[in-house]
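Here the structure is laid out as structure tokens; the discussion comes afterwards.
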Amino acid sequence: MTHETSAAAGRPAGGRPLLVTLLLASMLTTMAGAIVAPALPAMEKHFADVGHVGLLVRMVLTVPGLAIAFGAPVVGALIDRSGRKPILVASVALFAVAGSTGLFLSNLYAILVFRLLLGIAVAGIMTATTTLVADHYPGQQRSRVLGLQAGFMGFGGVAFLSLGGALADISWRGPFAIYLVAVPMTFLTLWLIREPRPADGAAAEAEAADTAGGFPKLAFGIYALVFAAQLVFYAIPSQLPFYLDELAHVGAGGSGLAIALMSLSTALVGLSYGRIGKNRSHRTIAVTTFVLLAVGYTAIGAATGVPLVLAGLLVAGAGIGLLIPNLNTWLVSRTPVAMRGRALSGVTSTLFLGQFVSPLVSQPVSGSVGIGGVYLTAAGFAAVVAVLVLLTVRGGAARPAPRTDAVRKPVEVPAEA
């Protein structure tokens, strides 16, 4: 079948190469900040003569998140106005340049400026890739691919964070080299990514009926859920190393492996989201997400040893694996095509804003009730959110995917997704 014929039949132009490129580009977003964390002590020694070096070096880690949170809405508007592909290609290229500057820059302030630009690039990549998935894949196939996206991001976190630690042992500049993987990705996105073509026939009519009107009011509820989940989730990377040290004198390496275990659970559940979400309402899965967080954090907070902490991390990781693919699918199902970039940019923004605020909330709680108390408090908060979603949210009923057999051939999505 020719390229034009395939597109005309309703399949995404590029087929499986398009899918793989979108998934690989999504993996880059896991490198926003944490990948350089192992290098921070050595960086602090290298820039010891710079005033307030302790604060500035830690800002190398946090500044990208702030740039993502505040830059995502602007990027989302550009995606809707200028197209998905131009923003994605430019963002991946900027990611390579801004991320790798730590390899050669000798001015800490200059590094911070480029870390801000890195955040803008990550905002563009996250929003553009998710918007392209929403555009190219209809109905149940969209749920599958969004689950694949979450899974790839989880596996990317495990791989890139492990590699960053190994390179940091060689030099504080080492982790910055990992950002150069975006150089070949720039050419892949330029070559293989295609702007979506308007669908036709029954599938287009069904989607138009679902997304008619203006900016969806549901979006603000979804943003609140993303923010709430991140408040809870980020108590893991910010507090767990100290907690494990208190419980069993577990060192940095053991803490890293424990967090990687949670990331693995997140990735595996994300990969299975297409099956998990089938014939279940978005509201049901949202409630399940926060119930899993509540159960997992209760286990962590009540633990007297490492095994129960690990079990809690597995359960909580499963909840995080459901979170983003479910909420993105829910939001896209109610958003007009012309507004998808702006709507999805809100998810990106609140995701990273929640990560930034979480330590500011958990640290005072830790001083009052201890780190175990932080996790029990987070568990109670997650349980309250689950009840509120169950009692107040409407319109989350599962809907069958549009019938497309008469107007298009199946999209090339791996059956095991």
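Can you tell me the orientation of helix 340-392 relative to the chain, as the angle in degrees between its alpha-carbon axis and the longest Cα principal axis, to the nearest 10? Here the helix axis deviates by roughly 30 degrees. Placing a pseudo-label 7 Å from each Cα along the Cα-to-Cβ vector at Val20 and Gln363 gives an inter-label distance of 4.5 nm.
Once you order the gyration tensor axes a ≥ b ≥ c over the Cα atoms, which shape class does the chain get: rounded for a/c under 1.5, otherwise prolate or oblate by comparing a/b with b/c? Taking the square roots of the gyration eigenvalues as a ≥ b ≥ c, the chain is oblate.
Enclosing the Cα atoms of region 63-209 in their convex hull gives a volume equal to 116 cubic angstrom per residue.
Take the Cα of Leu190, go 7 Å toward its beta carbon, and the backbone nitrogen atoms of region 62-100 under 11 Å from that spot belong to 89-90, 93. Counting only protein heavy atoms and using a 1.4 Å probe, the accessible area of Tyr109 comes to about 130 Å².
Find, to one decimal place in angstroms, the Kirkwood hydrodynamic radius of region 240-347, where the mean of 1/r is taken over every pair of different Cα atoms and then inverted. Write out the running numbers ahead of the final one.
Numbers: mean 1/r = 0.0661 Å⁻¹.
For region 240-347, the Kirkwood estimate is 15.1 Å.
Each part reduced to its alpha carbon centroid, region 251-309 and region 56-87 end up 27 Å apart. Once you reduce region 342-395 and region 155-185 to the center of their Cα atoms, the two points are 29 Å from each other. Lys278 exposes around 110 Å² of accessible area when a 1.4 Å probe is run over every protein chain in place.
Applying 0.36 nm per residue to the separation of Ser106 and Leu390 and subtracting their alpha-carbon distance, the gain on full extension is 97.0 nm. Rounded if a/c is under 1.5, else prolate if a/b is larger than b/c, else oblate: which is region 35-92, with a ≥ b ≥ c the root eigenvalues of its Cα gyration tensor? Prolate is the answer for region 35-92, as a/c is 1.5 or above and a/b outweighs b/c. Our helix-only sum for the chain, with -39,500 (n - 2.57) per DSSP H run of n ≥ 4 divided by its residues, gives a mean residue ellipticity at 222 nm of -25500 deg cm²/dmol.
Computed from backbone phi, the HN-Hα couplings of region 262-270 come to 5, 4, 5, 4, 4, 5, 5, 5, x Hz, rounded to whole numbers (Karplus: 6.51 cos²θ - 1.76 cosθ + 1.60, θ = phi - 60°; Gly and Pro given as x).
How much accessible area per residue does region 50-124 have, in Å², with a 1.4 Å probe? All intermediate terms of the calculation are to be shown ahead of the outcome.
Working: 2970 Å² over 75 residues.
Normalised by residue count, the accessible surface of region 50-124 is 40 Å².
Per-residue 3J(HN,Hα) values for region 178-187, derived from phi via the Karplus relation 6.51 cos²θ - 1.76 cosθ + 1.60 with θ = phi - 60°, read 5, 4, 5, 4, 6, 5, x, 5, 4, 5 Hz in sequence order (x marks Gly and Pro).
Which of Thr298, Leu190, Leu331 sits closest to the plus end of the dipole of the chain, meaning its Cα is farthest towards the positive end, when Lys and Arg get +1 and Asp and Glu get -1 on the C-beta? Farthest towards the positive end: Leu331.
Carbon and sulfur: what percent of the chain's accessible surface (1.4 Å probe)? Please list the in-between numbers first.
On the way: 11820 of 17160 Å².
In the chain, the share of accessible area belonging to carbon and sulfur is 69 percent.
Apply the a/c threshold of 1.5 to the C-alpha gyration tensor of region 130-184 and tell me whether it is rounded, prolate or oblate. Judged from the Cα gyration tensor, region 130-184 comes out prolate (a/c at least 1.5, a/b above b/c). Relative to the dominant Cα principal axis of the chain, helix 306-332 is inclined by about 30°.
The values are calculated or read from the model by the stated rules, or taken from the named source; none is laboratory data. These numbers come from a predicted model, not from an experiment. Because the Cβ atoms are built from the backbone with ideal geometry, glycine has one as well, and the counts that use them run over all protein chains shown. Surface accessibility is based on the protein's heavy atoms, side chains included, excluding ligands, DNA and RNA. Shrake-Rupley method; radii C 1.70, N 1.55, O 1.52, S 1.80 Å.
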